[in-house]
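The values are calculated or read from the model by the stated rules, or taken from the named source; none is laboratory data. What you see is a predicted model; the values in this text were computed from it and never measured. Positions of Cβ are generated from backbone atoms using ideal geometry, with glycine treated the same way; all protein chains shown enter the neighbour counts.
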Amino acid sequence: MSMPRILSRYTIRQFLTSFFAVMLTLGFVIVLFDVIELMKKGTTKISFGFGDVLIMALLKLPNMLQTLLPFAVLIGAIIVFWRLTKSHELVIIRSAGQSVWQFIAPLMVTAFILGVLNVTVFNPFSAAMFAKYQRLEDKKSDSPTISFQGLWLREHRDDKMYVVHADAIRQDKYLLTLRIVSIFEFSDKDEFLRRIDADTALLVDGFFVLTDARIYVKGKNIENHKDLMFPTSLTLGKIQENFASPETISFWDLPDLIRFFESTGFSAHSHRLHLQSLIASPFLLVTMILIAAVFSINPNQRQGGSLLRISLGIAIGFLLYFMTRITYALGFSTALPSAFAIWSPIVIFASLMTAILLHQEDG
């Protein structure tokens with residue numbers, strides 16, 4: 001009776017060792033390539049120091065590790081099954097009366113727990129780090145956040161028209177900050193009245209709080225204001241359509257943020273889709289374990305072709321991830337319902353791998 005527990009602890013320990021080794025390797029490669037890429041971006045008016053580059057790469061790392069987590073689980077499981085096969089431990093386990101389900105079930109449970117911890121614990125940390133990365137990128141880079149033309153807004157208020165332009169925009173939960181802002185004021189007859197330039201503008205309760213503002217009026221001296229409250233009828237719900245990256249929002253904050261957007265009349269479709277993908281991610285990791293088992297556990301060791309089977313397993317894992325990205329894009333464009341876009345690839349591949357394992361086990 002104690003054999004399954006001993007076997008479970010052994011396989012879980014082997015899997016976690018391989019998994020963290022793969023994650024460390026991927027993390028090192030990611031940081032290396034990000035440092036190189038960021039140093040290339042550093043050729044702007046504001047130079048990058050190596051310390052700044054390294055900090056930015058490390059801030060981006062958690063977000064990238066979340067993306068590569070399914071592959072780390074897949075490769076880690078493949079390594080474990082390959083070791084068991086090569087050392088003939090698999091033969092001993094099977095001869096002891098253990099089915100394939102008995103020695104992959106602990107890995108499936110472990111992968112699911114890793115997925116839950118990733119969503120509930122690591123994701124909030126990753127979102128905070130990625131938000132800091134984006135803020136640093138805005139600060140260090142001269143390129144606009146939205147487009148090469150920046151952000152343009154227009155509003156009619158008090159028989160006047162106001163045109164607001166910002167080189168960059170950043171949303172942090174419920175706060176919207178515009179950088180390098182220009183506000184053009186026109187009369188109801190389209191006559192230019194004045195222009196206000198500011199380094200930053202924070203949207204707060206019906207006002208733009210302008211920092212280091214300069215007011216230009218024809219025939220008058222320039223007025224300088226350290227802080228200036230500029231009234232506006234614009235709200236976050238009106239101007240925030242896709243500017244808040246869901247990756248910068250913690251899993252725990254997403255439901256409240258979705259309700260906030262929808263209460264303003266704004267569609268929070270992208271954030272709802274991202275929330276669904278986070279909920280589904282533990283099941284994606286379990287599916288990766290099933291894929292690894294199908295292509296790494298050879299019921300007949302004398303057939304050979306282990307390398308080909310492992311390569312095919314990795315390819316199928318990439319295919320699953322590729323399909324999740326395709327359906328996610330279709331869901332984002334509302335071509336597919338959100339639930340179907342997120343869950344269909346996982347359900348299809350998990351069902352298919354389960355059927356193959358049942359066939360291999362029972363014939």
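Val80 passes all but one of (1) over 14 Å from the mean Cα position of the chain (by Cα); (2) surrounded by fewer than 17 Cβ atoms within 10 Å (Cβ to Cβ); which number fails?
(2)
Any residue at all in the range 118-134 that's touching a strand residue (DSSP E or B) at 6+ places or on another chain (Cβ under 8 Å) and at pLDDT below 80? It would help to see each step written out before you state the result.
In the first step, residues of the range 118-134 are kept if they are touching a strand residue (DSSP E or B) at 6+ places or on another chain (Cβ under 8 Å); the result is 131, 134.
Subset that is at pLDDT below 80: 134.
The answer is yes; a qualifying residue exists.
Considering only the range 228-239, I want to know if a residue exists there that is hydrophobic (A, V, I, L, M, F, W, C), closer than 30 Å to Ile92 by Cα, modelled with pLDDT under 90 and surrounded by 14 or more Cβ atoms within 10 Å (Cβ to Cβ).
Restricting attention to the range 228-239, the residues satisfying the condition of being hydrophobic (A, V, I, L, M, F, W, C) are 228-230, 234, 236, 239.
Adding the requirement that they be closer than 30 Å to Ile92 by Cα leaves none.
No: zero hits.
Just to be sure before I move on: is Val53 at pLDDT below 90 and buried (at least 17 other Cβ atoms within 10 Å of the Cβ) in the structure I sent? Give the steps one after another, and end with the answer.
Working: at pLDDT below 90: yes; buried (at least 17 other Cβ atoms within 10 Å of the Cβ): yes.
Here the answer is yes, as Val53 does meet what is asked.
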